[in-house]
């Protein structure tokens, strides 16, 4: 398309004048996007029509469509390319880049969160252990632009709010100084998401086969595998086991623990081989499950206010920052706590058609006392202050424990 050919030519000319200095590229890309004002010139659906009508397309960089649905390459130069990324319910993981550039919101809006990573141990070059730190969050609107810098100083996630959301990205093919691109699994791990080990893949796949086939010796097979595996393989195998054995709806409903006990036994066996590293696994698996639960439920929700709140509950681990984003989107004249509590009450009384769950929040057992305690906490009151006004401290703590069992609400508590 002509606007993107012009954009590519502009970036190429300016980068060549800078002798293709890698460090200058993000600034060049940002300035070019700002000057070209593509969101005002190109309708995102024009790009779709062009893809379907053009006799020849530029070389497409991501035919697997793992990143966006779909990604469309609009310009492919010798050192960089320009893509349009379309998103429906898609979300990007916390990640860093092995390339540089800039992106612009063309349509829709996104929650953009920044993170840091404190390295504690390098298990191998493709698997790091440490602490993932939440740094900042902002709400990106149409025309907003952000630079992409390679490496661990620009760890971020981008959660797209509207269906669809569209971003334009100018990016190099790779950054020589940062050959690996890590994805981060809260709260502890960084994994090179592009590393492929055929043996590891097959071991995970055969673990899945054993579990889903309900082989009578499945646990024995898995224990033997863990006994001879490196930690990265043990992580991948136990992640598969967690997905199959934990949070089984029927067992949790009747209070059974058989499958969870099987997983606990596998963890105990892994601990004999890998020591204290194994203690980091379950928090990572639980957080991954929590995120998947919110994403799954959000995909079924049509109310835009509810979808916005669910995106914040998924991506913003501090309630003060969450309330700031609500205020930014709905205006300073609205009380963000009142808005959030109103949405939660609506969600607690709404069942999704065809869903097995009683309500969007996953329970129909919340009382007015639950909502009162949560509202007071969001307004910054301590448990003791709530107890003075309404109920005893022990009851407040019990109500808080109830709320924390709901995957969507965990991040609303200051200590979470």
| Residue check for residue 321: over 27 Å from residue 398 (Cβ atoms) and surrounded by 14 or more Cβ atoms within 10 Å (Cβ to Cβ) | yes
Restricting region 287-314 to residues that are closer than 25 Å to residue 239 by Cβ and without any contact (Cβ under 8 Å) to a residue 40 or more places away in the chain, the one farthest from the chain's Cα centre (by Cα) turns out to be 296
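Could you run through region 37-51 and say how many residues are within 18 Å of residue 141 (Cβ to Cβ) and over 26 Å from the mean Cα position of the chain (by Cα)? Reasoning before the result, please.
Going through region 37-51, the residues within 18 Å of residue 141 (Cβ to Cβ) turn out to be 37-44.
Now restrict to residues that are over 26 Å from the mean Cα position of the chain (by Cα): 37-38, 40-43.
The number of residues fulfilling the criteria is 6.
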Here the residues within region 4-22 that are surrounded by fewer than 20 Cβ atoms within 10 Å (Cβ to Cβ) and over 16 Å from residue 145 (Cβ atoms) are 5, 6, 9, 12, 13, 16, 17, 18, 19, 20, 21, 22
Out of (1) part of a helix (DSSP H, G or I); (2) touching a residue at least 24 places away in the same chain (Cβ under 8 Å); (3) crowded, with 20+ Cβ neighbours inside 10 Å, the one residue 326 does not meet is (2)
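Look at residue 352 and say whether it is part of a loop (DSSP other than H, G, I, E, B) and either in contact (Cβ under 8 Å) with a residue 60 or more places away in the chain or touching a strand residue (DSSP E or B) at 6+ places or on another chain (Cβ under 6 Å) (or both).
On the way: part of a loop (DSSP other than H, G, I, E, B): yes; either in contact (Cβ under 8 Å) with a residue 60 or more places away in the chain or touching a strand residue (DSSP E or B) at 6+ places or on another chain (Cβ under 6 Å) (or both): no.
Answer is no for this residue.
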Residue hits (region 6-21; closer than 22 Å to residue 167 by Cβ and within 32 Å of the chain's Cα centre (by Cα)) are 7, 8, 11
Those residues of region 21-36 that are free of Cβ contacts under 8 Å to residues at least 24 places away in the same chain and either under 19 Å from residue 5 (Cβ atoms) or not assigned by TED's automatic domain parsing to the domain that holds residue 11 (or both) come to a total of 2
Only one of (1) surrounded by 12 or more Cβ atoms within 10 Å (Cβ to Cβ); (2) outside any helix (DSSP H, G or I) does not apply to residue 332, and that is (1)
Across (1) closer than 25 Å to residue 138 by Cβ; (2) assigned to a loop (DSSP other than H, G, I, E, B), residue 337 clears everything bar (2)
Among helices (runs of 4 or more DSSP H) entirely within region 179-258, at least 2 residues that are surrounded by 15 or more Cβ atoms within 10 Å (Cβ to Cβ), modelled with pLDDT of 95 or more and under 21 Å from the mean Cα position of the chain (by Cα) occur in 231-245
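For the structure I just gave you, tell me whether residue 400 is touching a residue at least 24 places away in the same chain (Cβ under 8 Å), in the same structural domain as residue 340 (by TED's automatic domain parsing), part of a loop (DSSP other than H, G, I, E, B) and closer than 21 Å to residue 323 by Cα. Before you say what the answer is, go through the steps one by one.
Numbers: touching a residue at least 24 places away in the same chain (Cβ under 8 Å): yes; in the same structural domain as residue 340 (by TED's automatic domain parsing): yes; part of a loop (DSSP other than H, G, I, E, B): no; closer than 21 Å to residue 323 by Cα: yes.
Spelling it out, it is not the case that residue 400 is touching a residue at least 24 places away in the same chain (Cβ under 8 Å), in the same structural domain as residue 340 (by TED's automatic domain parsing), part of a loop (DSSP other than H, G, I, E, B) and closer than 21 Å to residue 323 by Cα.
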Residue hits (region 296-306; farther than 18 Å from residue 93 by Cα and part of a helix (DSSP H, G or I)) are 300, 304, 305, 306
Conditions (1) surrounded by 17 or more Cβ atoms within 10 Å (Cβ to Cβ); (2) on the phi < 0 side of the Ramachandran plot -> residue 362 fails only (2)
Residue pairs qualifying under the 6 Å Cβ cut-off, at least six apart or on distinct chains, with the first in region 216-236 being not assigned by TED's automatic domain parsing to the domain that holds residue 204 and the second being at pLDDT 95 or above and buried (at least 20 other Cβ atoms within 10 Å of the Cβ), are none
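The values are calculated or read from the model by the stated rules, or taken from the named source; none is laboratory data. Remember, it's a predicted structure, so these values are computed and weren't measured experimentally. So basically every Cβ, Gly included, is an ideal-geometry build from the backbone, and we count neighbours across all protein chains shown.
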